[in-house]
Amino acid sequence: MNEITQVDLKPSLADAPTRLADLKQSTRSDHQSVDDMVMEMAPFDSRANYARFLRLQYIFHKAMLPLYQAKDLNQLMPGLAARSRYDAVSKDLADLGCAIPAGGSRDEIPQTGISRIGWLYVCEGSSLGAAFLFKAAAGIGLGADFGARHLAAHSDGRGRHWREFVTQVNGLSLDASEEQAVRDGACAAFAFFRNLLTVEAAGNAN
Ligand code: HEM
């Protein structure tokens, strides 16, 4: 490192967490609660349990589709539309002979504004934890060609595909209020999924 770079690297900036690290930190407990609730469903104990989980995934990915397809977001983040796992999750439902679930109205998800980046963070991040779910799905005979397509790694590699998204999000230039809107969007996305889990658990208890 030369002298000029050292002088330029003020400690406050050099030590600042990346946007993604900040998002991960500020949604840690949100993630833990959805993780716990999903595990309570015991989705990999049987195909019937898995189908309950799959319905929620379908509703989430369907509701997220307009964000993946948004023109302005695709300009900011080239290749975004191709990241949607809606088609994969639809095929998984068909594989298991499940009816298309209702739910996840567009009204619940912002259709404009920078908070959508926070929603996308949650949806994209869920493909990381999916590595564990994918392994567990093999135990009930599901995989990349049947039933668990949406949990499979991307052909580029799960880690590499995620890191491309991370680089894009970290590279966005946002002011403080936009930064907060992204955080709020991520919390709202986790709340959306938590709500799906709560409704599903209540329905199953009846
Ligand atoms: C039983 C269910 C789940 C388990 C066991 C699980 C597990 C994990 C694990 C282990 C990671 C870290 C992976 C890594 O760093 O390599 C992760 C990341 C993540 N998961 Fe989950 N997850 C679950 C469900 C979900 C759901 C339903 C969502 C979204 C609705 C979600 C959103 C995320 C996000 C956003 C990240 C990225 C965190 C980051 O690195 O910034 N997860 N998950």
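The values are calculated or read from the model by the stated rules, or taken from the named source; none is laboratory data. Here the structure is a predicted model, which means the values were calculated and not measured. Positions of Cβ are backbone-derived with ideal geometry, glycine not excepted, and every protein chain shown enters the neighbour counts. Please note that ligands, DNA and RNA were not included when accessible areas were found on the heavy atoms of the full protein model with its side chains. Shrake-Rupley method; radii C 1.70, N 1.55, O 1.52, S 1.80 Å.
Note on the stretch 36-53: among residues that are open to solvent by 40 Å² or more (accessible area, probe 1.4 Å) and in contact with a Leu (Cβ under 8 Å, 6 or more places away or on another chain), the one that is farthest from the ligand (Cβ to nearest atom) is ARG47. Of everything listed in (1) charged (D, E, K, R); (2) within 12 Å of the ligand (Cβ to nearest atom); (3) in contact with a helix residue (DSSP H, G or I) (Cβ under 6 Å, 6 or more places away or on another chain), the single unmet condition for ARG149 is (2).
When LEU93, LEU120, LEU76, LEU65 are checked against the criterion of being open to solvent by less than 30 Å² (accessible area, probe 1.4 Å), at pLDDT 95 or above and more than 12 Å from the ligand (Cβ to nearest atom), LEU93 stands alone in meeting it.
Pairing each residue of the stretch 123-143 that is touching a residue at least 40 places away in the same chain (Cβ under 8 Å) with any residue that is open to solvent by 20 Å² or more (accessible area, probe 1.4 Å) and not in a helix (DSSP H, G or I), provided the two are 6+ apart or on different chains, yields C-beta distances under 6 Å for ALA136/PHE44; GLY139/PHE44; ILE140/PHE44.
In summary, GLY159 fulfils each of the numbered conditions (1) more than 13 Å from the ligand (Cβ to nearest atom); (2) surrounded by fewer than 17 Cβ atoms within 10 Å (Cβ to Cβ) with the single exception of condition (1). Criterion applied to PHE44, PHE60, PHE53 was being outside any helix (DSSP H, G or I) and in contact with a helix residue (DSSP H, G or I) (Cβ under 8 Å, 6 or more places away or on another chain), and the one residue passing it is PHE44. Restricting attention to the stretch 144-156, which residues are farther than 21 Å from SER46 by Cβ and touching a residue at least 12 places away in the same chain (Cβ under 8 Å)? The answer is ALA153, HIS154.
Just one of (1) within 17 Å of the chain's Cα centre (by Cα); (2) farther than 26 Å from GLN32 by Cα fails for ASN170. It is (2). Restricting to the stretch 20-35, and then to whatever is among the acidic types (Asp, Glu) and more than 8 Å from the ligand (Cβ to nearest atom), can you tell me which residue is nearest to THR198 (Cα to Cα)? Per the criteria, the residue is ASP30.
Taken together, the criteria exclude GLY139 from residues that are on the phi > 0 side of the Ramachandran plot, surrounded by fewer than 16 Cβ atoms within 10 Å (Cβ to Cβ) and more than 16 Å from the chain's Cα centre (by Cα).
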